[in-house]
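Colleague: The structure under discussion is supplied below as structure tokens; questions concerning it will follow.
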Amino acid sequence: MDGNMSDLHEEGKNAINAPLLPAGTEIHPEDTLLEENAERIMLDPTSRENLKFKDLLKVLVDWINSELEEERIIVKDLEEDCYDGQVLQKLFEKLSGRKLNVAEVTQSEIGQKQKLQTVLEAVNRLLRPHGWTIEWSVDSIHSKNLVAIVYLLVALAMHFQAPIRLPEHVSVQVVVVKKKEGILQTSVVTKELTSTTEMMLGRFERDAFDTLLDHAPDKLNVVKSSLITFVNKHLNKLNLEVTELESQFADGVYLILLMGLLKDYFVPLYNFFLTPESFEQKVHNVAFAFELMQDGGLKKPKARPEDVVNLNLKSTLRVLYNLFTNYKNSD
């Protein structure tokens, strides 16, 4: 058959096999060559234009670029820039602090897939124990499946508590093409890429506080009173007194003053808002207190500044408990 005839033949085959596809979805010739029971997943073109989805893509691109600034890597397009494993390798190494044993730059498809295999094995080993559903594979990422790439990046961002705000409730429609008994069957499925911030944060490993809050509320009061005694022992030097942990640390002022007292330095007033008015100013204060903690050699707090400002008790307790365990013996 000459070119035109074979195109016609393809179109005819597609028309028979694709009864109910969303407008604008193309069935690719390779779909008709799918193995029995194999499937291909594609993003529905209308979802690609969804504003929340576009916002999510932009947040992820900016995040990768800020993480990989020193590597002089600039990502513009997630599909084109993530499929060969190079960016994913560098991102995983930066976030986890571990070097992966992979060839540097690989042009061949086999080399790229081997690199992806190594990177994804490391990612899956890290995430699976925390209950993540693995929604990506070497093939889906190598074939530039944007949904799989986004699932992977969202999981990494959440696991490593990236300092970004993922838009909530982002869902997309995907078209699933499957071959059954030689016939292509297509269906449209909704995939939820992000849920609520609270749910997303809840994915982090459960720690002693979760157990405490869930199973031993009576012990919680003991912990609270030890923490109150601890913070007041220091804040009393400035004639300050804390009576309840939930709200009195929410604007960050006491946290900053407490850090200065624990580490024995004076925090200049121009570094923070002594009487913060807005949510942003309070977040600035708490974030600044977190910086002081890290400068003092403490691990990065598990909570986010926003959570402390939003009176999230668990987050506030985590931050204070971290100080308590490190400084309980200091005068």
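The values are calculated or read from the model by the stated rules, or taken from the named source; none is laboratory data. Please read all numbers here as calculations on a predicted model, not as lab measurements. We place every Cβ from the backbone using ideal geometry, glycine too, and count neighbours over all the protein chains shown. The area values use the complete protein model at the heavy-atom level, side chains included, leaving out ligands, DNA and RNA. Shrake-Rupley method; radii C 1.70, N 1.55, O 1.52, S 1.80 Å.
Colleague: On a straight-distance basis, which lysines could pair with K224 in a cross-link, Cα separation under 20 angstrom, same-chain partners fewer than 8 positions away excluded?
Modeller: K233, K302, K314, K328
Colleague: Given the Cα-Cα distance of L51 and R125 and 0.36 nm per residue of separation, how much length would full extension add, in nm?
Modeller: Gain on stretching L51 to R125: 23.3 nm.
Colleague: For region 205-328, what % of the accessible area comes from carbon and sulfur atoms, probe 1.4 Å?
Modeller: So the carbon and sulfur contribution to the accessible surface is 54 percent.
Colleague: Let me ask you something else. If we sort 264-276, 161-173 on the protection proxy, mean other Cβ atoms within 10 Å, highest first, what's the order?
Modeller: 161-173, 264-276
Colleague: Ok, one more. Given axes a ≥ b ≥ c from the Cα gyration tensor, I'd like to know whether region 25-201 is rounded (a/c under 1.5), prolate (a/b larger than b/c) or oblate.
Modeller: Oblate, since a/c reaches 1.5 and b/c is not below a/b.
Colleague: With θ taken as phi - 60° and the coefficients 6.51, -1.76 and 1.60, list the Karplus ³J(HN,Hα) couplings across region 294-305 in order, rounded to whole Hz; mark glycine and proline as x.
Modeller: With coefficients 6.51, -1.76 and 1.60, one gets 5, 4, x, x, 7, 5, 4, x, 6, 6, 9, x Hz.
Colleague: Rounded, prolate or oblate: which fits region 205-328 when a ≥ b ≥ c are the square roots of the eigenvalues of the alpha-carbon gyration tensor, with rounded for a/c under 1.5 and prolate only if a/b beats b/c?
Modeller: prolate
Colleague: Can you give me the Cα centroid spacing of region 257-331 and region 91-116 in angstrom?
Modeller: 37
Colleague: Hey, another quick one. Which of K115/K300; K76/K300; K76/K299; K52/K90; K76/K113 have a Cα-Cα distance over 24 Å?
Modeller: Correct reply: K115/K300; K76/K300; K76/K299; K52/K90.
Colleague: State in Å² the accessible area per residue of region 217-306; use a 1.4 Å probe, count heavy atoms of protein chains only, and round to the nearest integer.
Modeller: Here the per-residue accessible area is 54 Å².
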